[in-house]
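Only one structure is covered here, and it is reproduced in the block below.
The values are calculated or read from the model by the stated rules, or taken from the named source; none is laboratory data. This structure is a prediction, so every number in the text was calculated from the model and none was measured. Here Cβ is always computed from backbone atoms with ideal geometry, including for glycine, and neighbour counts include all displayed protein chains. Side chains are part of the model used for accessible areas, which takes the heavy atoms of the whole protein and leaves out ligands, DNA and RNA. Shrake-Rupley method; radii C 1.70, N 1.55, O 1.52, S 1.80 Å.
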Amino acid sequence: MLENNRLAKVVKSIKGYPKFMQSFLLNFVIRRTVKLVGTAKVDVLKLTKEESQFRIQNRKKVQNHIGTIHAAAMALIAETATGMVVGMNVPDDKYLVIKTLKVDFLKRAVGSLTATAKLSEAQRLAILNQDKGEVDVPVSVIDDEGKEPIECTMIWAWTPKRR
């Protein structure tokens, strides 16, 4: 496998800190880098090259008029989970952009949301070996009742950076 990219190196370096500090440091770095994630206080639960898991609490700042997590925040959690798992794999000489973000709202969310995104080994190899391409990243978003209030299609693309 190729060497870790910048994001993967940061995540790896954080794992060298004491366990009680790791979550705080990872959240701090991600929230500072992606401003909207910081504003919404999205929590990193897991971030590897194969899987990412993020959580958003049902707080006043992310609520809609009926007291549930706003539609935009629901899309944000899915976009964050998929983007970060792809971001862990994209070489530093490539740009990563979202190509398709489709969200179908199925039911009212209850409580907080947890989004889990996974990449297969074939998807990871394509990201590492293709100069440019795209990947449809599977993501599930679960509320506090264990139900999926949304279904998402998230397609991420990568292309070489111009020098």
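Couple of notes before you dig in:
- At a probe radius of 1.4 angstrom, the accessible area of the chain per residue rounds to 56 square angstrom.
- In this simple spin-label model, placing a label point 7 Å from the Cα along the Cα-to-Cβ direction at both Arg59 and Lys19 gives a separation of 2.6 nm.
- Overall, the accessible surface of the chain at a probe of 1.4 angstrom is composed of carbon and sulfur to the extent of 55 percent.
- Check: region 1-76 dipole with +1 on Lys, Arg Cβ and -1 on Asp, Glu Cβ, in debye: 280 debye
- Per-residue SASA entry for Arg55, accessible area with 1.4 Å probe, Å² rounded to 10: 60 Å²
- Relative to the longest principal axis of the Cα atoms of the chain, helix 71-87 runs at roughly 20 degrees.
- Relative contact order of the chain, taken over Cα pairs closer than 8 Å and 6 or more residues apart, is 23 percent.
- Ligands, DNA and RNA excluded, the heavy atoms of Phe105 present near 110 Å² of accessible surface to a 1.4 Å solvent probe.
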